[in-house]
Amino acid sequence: MHPADMSLNRDSQEPAHGAPWEPLDQPIDRPPDLRSRTLTSRTRTARGRRRIPVFLLCAVVGLVVLVWSRSSAARKPRGAKGTLLSSSSYPFTPPDDPLPVHHLESLMLYHNTPVARSRPPPTQFLLDPRADLSKPVVALITATNNPRDVMRETATTLFGQSLQNFVWVIVDDHTTEPGSRDLLDELARDPRVVVVKNERDMGLAVSRNVALDWVFEHYDPPPKYLVSLDDDDLFEYTALEKTCWMLESNPEWDIGGFRYVKWGASNETVVTGLHSGRSNWSKGNFVPNAAVYTSRALQLSGCRYNEEEFHDGGEDWDFWMCLADAGLWGGTILEPLYWYRVNDPTFRTKRWGNTFVDGFEQLKRHIWRKHPTLDKAFPVMKPKRNIQLEPVAWEPPFEQALARTDKQIMFILPWLYMGGADIGALHMIQLYALAGYRVTVVCTLSKVPEGIELRPFALQYTHDIHILPTFLRMHDFPRYIKHLVDSRGIRQVILSNSQLAYEMLPALVEQMPDVEWIDYLHNEAYDGWKSGGYPRYSIIMQRYLARSITCSHYLRGWLVDNGHLDANRIGVVKLGIEASEFKPATPAARNAAKATLLSVEPETFVIVVVGRLDPQKRSTLIPLIVEELIRRTETDFLVVMLGEGPMRRQLEAAIAAASLGDFVRLLGTHNDLSGYYAAADMFLLPSMSEGISIAVAEAMASGLPIVTARAGALPEQLGELDAAGNKVHDANELGGILVDHELDTVHDPVHYADAVEKLMLDPGLRARLGRNARRLVEDGFDWRTTLSGLFVETARAKNLLGHVTGDTRYPLPAAYLSTQMVLAEMWKETDMRGYYP
C-alpha cells in the first residue's frame, strides 16, 4: 500500500446494511476512567448509644463485595461462554440475492463489499450485553476531520466483528461541521467508543499520536494489540479475530497483516504485504494501513507517527520502517480481510499535492535516508515449521466479549474443493443459513487455489469461515476449534472427511463434553486407505459421536458389517442436486448444443465424463476405453471430460502418446454443466467406488443413460437395490448399465467399451435407460428436499452415557492411532513383513 492512498476523507458510497450498534438497554462496563462517578455519603448519628456510621458500614460491605467480585473474576476461566441471546430477537438471515465473494482478481466483484446487500448481514456476531469491556484486547485508533456518512460503514464492519472486546479511540481532528459532530456523538453511544479532541496542531500523524497517548495513559497494561484504522475503510467480519490469533500463534511476530482489496476510484486485489520483506523498504509501503501491531512493539521501539517530516503523507510507511529498524516485523494472512477505499484523483491531488508523483521517488529517497540499515538488515520473518508433539494448550488467549445464540452450528471440513462431496457440504451450509442458523465453517487443510474454489460461494451465507493453516500453527488448531465452539455457543458440530477432526475427537469431547459431534460420511476409501477411510474412523470413534449420517443405505450397511455396534445410531441423508437446472434435451436442443459448445455434427456420439481427475475416478482409464472403441466401431464419437485434478498431466500425456486428441477433450472445471449434459448422448464414470454421486445424479436428471461401476452406492443410485440392499429392478428398469469391473487396465477397458458400444449402437436402449434415469431422480432429489433430513437426524443425535470416560464395548481409539503412527513412521522396524526373508 502506498501512503498516497491513506487519507482521512474519501468519496462517499451509500451505506447498505443498517448499523448493528444501536445503544444497548443493559449496562456494560466501560473503560475504567469512564466508569468512575463522584461518590457522596452522609453520616447520621443516633441519639443515645453510639452506632457505626452508615457510610462506614457501606464501605466495609462494598470492600467485601469488591474483593469477592475480583476473586470471582480471577477464578472465572478465560473463554467462559457468553450470554445466550434468542435468535428470534436477534435474527440472522442471508441475502435474497447473494453474490459470491471472489478473491481472485479475474473474478472479483468490487461492489460486493462487506456491507453490500448481496452479502450476509453484519449481525452474525453480537456483543455480549454482560461483557466486561474494561480490558480490551484491541485498541483501534482513528483520526478524523469532518467525517462523512461513509464512516457509518466503517463502524458497521467494526461493530460486527467476531472479536467484540475492543476499544475504538476516535480523535476529532478539529471537526467543524455540525453533521459530522452529530455522527461522532452517534458513534460514541457504543460503550466501546471514546471520542478524544485533538487540542494540538491539526494533522493525521499528530492525531494518531494523540490516540496512542490516550490508550497508554488510560490502560495499564495497555491492550495487547493496536490498529490504525482510517475513517472510511472496511474490515471483513473475522479480520481482528484471525489476525490476533495469528500473532498469538506466532509470538515472535509483532505485526499481523492480510491481503486487501482496493475499491472505489480504482480497483485492485493486493497480494503484497508484510511477507514481501525487504521490498517494503526498497519499492514501497506494502503493509496494509489497518495491520494489527502489538503494544509491546511500541514500548520496545518507542516508535510513533512522525509529525514533522511526513506531515504531507508517508507517515504510515515511516512508522512501519521504524518498527523494522528495531527488528520488529511479522507476517500475513493470505486472505483478503480489509477493504481500502480509493479516492478520486482530484481528491488525492488536493490532499497530497505532488508528493506521490513519479513513483514516489522523492518519498522513497527520504525513507531510504532515514532508515539506511534496512537495505542490508531487513527483519524478514516467516512462520516457523510445525514440529511433532508440540505442547497443546486449551485456554484461549483472550476474551471475545461475544454473545451466543440458540441457533448455531459448525461444519469441520478438510477444504472447499469443487467436488461432489464439497458441493454437498456447501448445500448443507446454505440450508442451515436459510433456516436462520449462524454457521461456522472450519477447514483443516489448505491448498490454493483448488482447495478454496467453493469459499466464494460459502461466503454468501456466512462470514464465519476459518481455513486454519492460513493463520495458525498446527498445535493451536485444537484450542482454536474449542474457542470457536465456546465463543459462539455451538452445541452441534458436523464433521466430514477430516482426518484431523476424527483423530482429535477424544480430546475435543473431553474438553467439550456437552457438545454433540456428528459425522457425515460419503463412501469408504476406494484404495484400502486406512482400512476403509473415514467410515473406518467413524467406527473407531463411535463412542464419541452423538450420531453418524451416511449418504447411502449401502454405506450404512457397511458400517454395521464392519463393526458399528448400533445401527439405530446411524441415519441416512442423501445428497441432492439443483434439480431445476437439469432437464432432458430435445433432439433439436441436443444438436444445437453440440454445434455451439463442441463444434461437432449432430451425428457425432458425445460421451460426457464429469469428475475430478484423480485415481478414484480412474481418469486414466478413459484413453484405454477410447482406444478399445476405435478398434470396434466406425461411429464418429467424442469424449468430453469436465473436471480438474492431480492426474491432468498424466492424462494429457496418455492422450498425446496414443494420438487421441480428436477423440478426447479435457475442458477443465465449469460451474454450469447443463449445456454439456444437453450436448451429450450418454454419461460415463468408471470410478473405483462412489457414494451418491452428484455428477451421476445431474446426468440422470438430464435424461442421460449412465455407464458406471457396480461398486459402492452406485447400484442403489441407478435403481438396482433398495434401502435394504435387496434387488428391486432388472437391467431394463435401471438408469444405465452397471459394469462388473476388475480394477485392472487389461479387462476393464473392454468391459466399459462393451457397455458404451451397446448404447452407441442402440438408440432405443439409450432412450429407455435415459427415461428410467430421469424418473429415478425427478421426484425428491432436489438438494433442499434430500438434505432437509439433516434436521431430523441431528435432532436424533444424543451423546452416549459415559461417552467421555469410556465404555469397554466400544473401540479405544488410542490403540488404533498409536499403531497407525508407528506403521507410518517405522514400517520396516515394526511390520513383520518389513524384515521377513
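Out of everything in the stretch 512-536 that is modelled with pLDDT of 95 or more and touching a Lys or Arg at 6+ places or on another chain (Cβ under 7 Å), what residue ends up being nearest to residue 574 (Cα to Cα)?
Among those residues, the one meeting the criterion is 518.
Looking only at the stretch 109-121, which residues are out of contact with any Asp or Glu (no Cβ under 7 Å at 6 or more places or on another chain), in contact (Cβ under 8 Å) with a residue 60 or more places away in the chain and either surrounded by fewer than 24 Cβ atoms within 10 Å (Cβ to Cβ) or of a type in the set (A, V, I, L, M, F, W, C) (or both)? Steps first, please.
Step one: list which residues in the stretch 109-121 are out of contact with any Asp or Glu (no Cβ under 7 Å at 6 or more places or on another chain), which gives 109-113, 116-117, 119-121.
Keeping just the survivors that are in contact (Cβ under 8 Å) with a residue 60 or more places away in the chain gives 110-111, 113, 116-117, 119-121.
Scanning the stretch 109-121 gives 110, 111, 113, 116, 117, 119, 121.
If residue 770 meets every condition in (1) small (Gly, Ala, Ser); (2) in contact with a helix residue (DSSP H, G or I) (Cβ under 9 Å, 6 or more places away or on another chain); (3) over 22 Å from residue 716 (Cβ atoms) apart from one, which number is that one?
Among (1) small (Gly, Ala, Ser); (2) in contact with a helix residue (DSSP H, G or I) (Cβ under 9 Å, 6 or more places away or on another chain); (3) over 22 Å from residue 716 (Cβ atoms), residue 770 violates only (3).
Looking at this structure, is residue 296 under 23 Å from residue 106 (Cα atoms) and either free of Cβ contacts under 8 Å to residues at least 40 places away in the same chain or not hydrophobic (A, V, I, L, M, F, W, C) (or both)? It would help to see each step written out before you state the result.
Details: under 23 Å from residue 106 (Cα atoms): no; either free of Cβ contacts under 8 Å to residues at least 40 places away in the same chain or not hydrophobic (A, V, I, L, M, F, W, C) (or both): yes.
Criteria not met by residue 296.
Criterion first (more than 25 Å from residue 187 (Cβ to Cβ) and touching a residue at least 40 places away in the same chain (Cβ under 8 Å)) does residue 98 satisfy it? Break it down into steps so the answer makes sense when it comes.
Numbers: more than 25 Å from residue 187 (Cβ to Cβ): yes; touching a residue at least 40 places away in the same chain (Cβ under 8 Å): yes.
So residue 98 passes the test.
Run down 801, 765, 817, 738 and say which single residue is of a type in the set (A, V, I, L, M, F, W, C), surrounded by 14 or more Cβ atoms within 10 Å (Cβ to Cβ) and not assigned by TED's automatic domain parsing to the domain that holds residue 636. Talk me through it step by step, then tell me what you get.
On the way: 801 fails: surrounded by 14 or more Cβ atoms within 10 Å (Cβ to Cβ); 765 fails: not assigned by TED's automatic domain parsing to the domain that holds residue 636; 738 fails: not assigned by TED's automatic domain parsing to the domain that holds residue 636.
Only one candidate qualifies: 817.
Just to be sure I understand, how many residues within the stretch 674-687 are within 11 Å of residue 698 (Cα to Cα) and surrounded by fewer than 20 Cβ atoms within 10 Å (Cβ to Cβ)?
Qualifying residue count, the stretch 674-687: 1.
Out of 701, 680, 697, 711, I need the residue that is of a type in the set (Gly, Ala, Ser), out of contact with any helix residue (DSSP H, G or I) (no Cβ under 6 Å at 6 or more places or on another chain) and over 19 Å from residue 638 (Cα atoms). Which one?
Values: 701 fails: out of contact with any helix residue (DSSP H, G or I) (no Cβ under 6 Å at 6 or more places or on another chain); 680 fails: over 19 Å from residue 638 (Cα atoms); 697 fails: out of contact with any helix residue (DSSP H, G or I) (no Cβ under 6 Å at 6 or more places or on another chain).
One residue alone meets the criteria, 711.
Where residues in the stretch 577-608 are under 30 Å from the mean Cα position of the chain (by Cα) and crowded, with 18+ Cβ neighbours inside 10 Å, which of them is farthest from residue 691 (Cα to Cα)?
Our first condition is that a residue be under 30 Å from the mean Cα position of the chain (by Cα); within the stretch 577-608, this holds for 577-582.
Filter once more, so that each one left must be crowded, with 18+ Cβ neighbours inside 10 Å: 577, 579, 582.
Numbers: 577: 14, 579: 19, 582: 21 Å.
Among them, the one singled out is 582.
Return a yes/no flag: does the stretch 621-631 have any residue that is on the phi > 0 side of the Ramachandran plot and surrounded by 22 or more Cβ atoms within 10 Å (Cβ to Cβ). Give the derivation first.
As a first pass, look at the stretch 621-631 and keep what is on the phi > 0 side of the Ramachandran plot: none.
Among the residues of the stretch 621-631, not one is on the phi > 0 side of the Ramachandran plot and surrounded by 22 or more Cβ atoms within 10 Å (Cβ to Cβ), which makes the answer no.
Here is a list: 352, 329. Which entry is surrounded by 13 or more Cβ atoms within 10 Å (Cβ to Cβ) and at pLDDT below 95?
Values: 329 fails: at pLDDT below 95.
Only one candidate passes the filter, namely 352.
How many residues, within the stretch 364-386, are part of a loop (DSSP other than H, G, I, E, B) and touching a residue at least 12 places away in the same chain (Cβ under 8 Å)? Even if it seems obvious, please write down each step before you answer.
Going through the stretch 364-386, the residues part of a loop (DSSP other than H, G, I, E, B) turn out to be 371, 376-386.
Still in the running and touching a residue at least 12 places away in the same chain (Cβ under 8 Å): 371, 378-384, 386.
Matching residues across the stretch 364-386 total 9.
Select from the stretch 218-266 the residues that are among the hydroxyl-bearing types (Ser, Thr, Tyr) and at pLDDT 95 or above and list them in ascending order. Talk me through it step by step, then tell me what you get.
Here is the first cut: in the stretch 218-266, the ones among the hydroxyl-bearing types (Ser, Thr, Tyr) are 219, 225, 228, 237-238, 243, 249, 260, 266.
Hits for the stretch 218-266 are 219, 225, 228, 237, 238, 243, 249, 260.
Would you confirm whether or not the stretch 663-680 contains a residue that is among the acidic types (Asp, Glu) and either modelled with pLDDT of 95 or more or in contact with a Phe, Trp or Tyr (Cβ under 9 Å, 6 or more places away or on another chain) (or both)?
The initial filter retains those residues of the stretch 663-680 that are among the acidic types (Asp, Glu), namely 672.
Still in the running and either modelled with pLDDT of 95 or more or in contact with a Phe, Trp or Tyr (Cβ under 9 Å, 6 or more places away or on another chain) (or both): none.
Within the stretch 663-680, not a single residue is among the acidic types (Asp, Glu) and either modelled with pLDDT of 95 or more or in contact with a Phe, Trp or Tyr (Cβ under 9 Å, 6 or more places away or on another chain) (or both).
Return a yes/no flag: does the stretch 733-742 have any residue that is acidic (Asp, Glu) and over 41 Å from the mean Cα position of the chain (by Cα).
Scanning the stretch 733-742, I find at least one residue that is acidic (Asp, Glu) and over 41 Å from the mean Cα position of the chain (by Cα), so the answer is yes.
Taking the stretch 487-500, which residues are under 21 Å from residue 242 (Cβ atoms) and surrounded by fewer than 24 Cβ atoms within 10 Å (Cβ to Cβ)?
489, 490, 498, 500
Would a scan of the stretch 453-464 turn up a residue that is crowded, with 19+ Cβ neighbours inside 10 Å and in contact with a Gly (Cβ under 6 Å, 6 or more places away or on another chain)? Spell out how you get there, then give the answer.
Of the stretch 453-464, the ones crowded, with 19+ Cβ neighbours inside 10 Å are 453-464.
Next cut, in contact with a Gly (Cβ under 6 Å, 6 or more places away or on another chain) only: none.
No, every residue in the stretch 453-464 fails to be crowded, with 19+ Cβ neighbours inside 10 Å and in contact with a Gly (Cβ under 6 Å, 6 or more places away or on another chain).
Could you tell me which residue of the stretch 472-523 is farthest from residue 404 (Cα to Cα), considering only residues that are in a loop (DSSP other than H, G, I, E, B) and hydrophobic (A, V, I, L, M, F, W, C)? Before the answer, list the steps.
Here is the first cut: in the stretch 472-523, the residues in a loop (DSSP other than H, G, I, E, B) are 472-473, 489-491, 496-498, 512-515, 522-523.
If we keep only those that are hydrophobic (A, V, I, L, M, F, W, C) as well, we get 472, 490, 512, 515.
Values: 472: 24, 490: 8, 512: 16, 515: 14 Å.
Per the criteria, the residue is 472.
Would you call residue 543 under 16 Å from residue 797 (Cα atoms), touching a Pro at 6+ places or on another chain (Cβ under 9 Å) and not β-branched (Val, Ile, Thr)?
Values: under 16 Å from residue 797 (Cα atoms): yes; touching a Pro at 6+ places or on another chain (Cβ under 9 Å): yes; not β-branched (Val, Ile, Thr): yes.
Judged against the criteria, residue 543 is a match.
For the structure I just gave you, tell me whether residue 668 is surrounded by fewer than 24 Cβ atoms within 10 Å (Cβ to Cβ) and in contact (Cβ under 8 Å) with a residue 40 or more places away in the chain. First the steps, then the outcome.
Numbers: surrounded by fewer than 24 Cβ atoms within 10 Å (Cβ to Cβ): yes; in contact (Cβ under 8 Å) with a residue 40 or more places away in the chain: no.
Considered against the rule, which asks whether it is surrounded by fewer than 24 Cβ atoms within 10 Å (Cβ to Cβ) and in contact (Cβ under 8 Å) with a residue 40 or more places away in the chain, residue 668 comes out as no.
Would the stretch 549-561 turn up any residue that is part of a strand (DSSP E or B) and not assigned by TED's automatic domain parsing to the domain that holds residue 694? If you could, list the steps in order and put the result at the bottom.
In the first step, residues of the stretch 549-561 are kept if they are part of a strand (DSSP E or B); the result is 549-550.
Now narrow it down to the ones that are not assigned by TED's automatic domain parsing to the domain that holds residue 694: 549-550.
There is at least one residue in the stretch 549-561 that is part of a strand (DSSP E or B) and not assigned by TED's automatic domain parsing to the domain that holds residue 694.
Could you tell me whether residue 624 is farther than 22 Å from residue 677 by Cα and not assigned by TED's automatic domain parsing to the domain that holds residue 705? Step through it out loud before you land on a result.
Numbers: farther than 22 Å from residue 677 by Cα: yes; not assigned by TED's automatic domain parsing to the domain that holds residue 705: no.
Against the criterion (farther than 22 Å from residue 677 by Cα and not assigned by TED's automatic domain parsing to the domain that holds residue 705), residue 624 does not qualify.
How many residues does the stretch 308-339 contain that are over 31 Å from the mean Cα position of the chain (by Cα) and either outside any helix (DSSP H, G or I) or among the hydroxyl-bearing types (Ser, Thr, Tyr) (or both)?
The qualifying residues number 9.
Within the stretch 592-620, can you find the residues that are aliphatic (A, V, I, L, M) and more than 19 Å from residue 668 (Cβ to Cβ)?
Looking only at the stretch 592-620, we keep the residues that are aliphatic (A, V, I, L, M), and these are 592-593, 595, 597-598, 600, 606-610, 613.
592, 595, listed by residue number.
Let's see how each residue does on (1) surrounded by 15 or more Cβ atoms within 10 Å (Cβ to Cβ); (2) farther than 25 Å from residue 471 by Cβ:
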site	(1), (2)
370	yes, yes
386	no, no
389	no, no
393	no, no
401	yes, no
409	yes, no
412	yes, no
415	yes, no
427	yes, yes
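Return the residue satisfying two criteria in turn: it lies in the stretch 507-529 and is among the charged types (D, E, K, R) and surrounded by fewer than 17 Cβ atoms within 10 Å (Cβ to Cβ), and of such residues it is farthest from residue 824 (Cα to Cα). If you could, list the steps in order and put the result at the bottom.
Taking the stretch 507-529 first, the residues among the charged types (D, E, K, R) are 510, 514, 516, 519, 524, 527.
Now narrow it down to the ones that are surrounded by fewer than 17 Cβ atoms within 10 Å (Cβ to Cβ): 510, 514, 527.
Details: 510: 26, 514: 33, 527: 17 Å.
Among those residues, the one meeting the criterion is 514.
The values are calculated or read from the model by the stated rules, or taken from the named source; none is laboratory data. Here the structure is a predicted model, which means the values were calculated and not measured. As a convention, Cβ positions derive from the backbone with ideal geometry for all residues, glycine included, and neighbour counts pool all protein chains shown.
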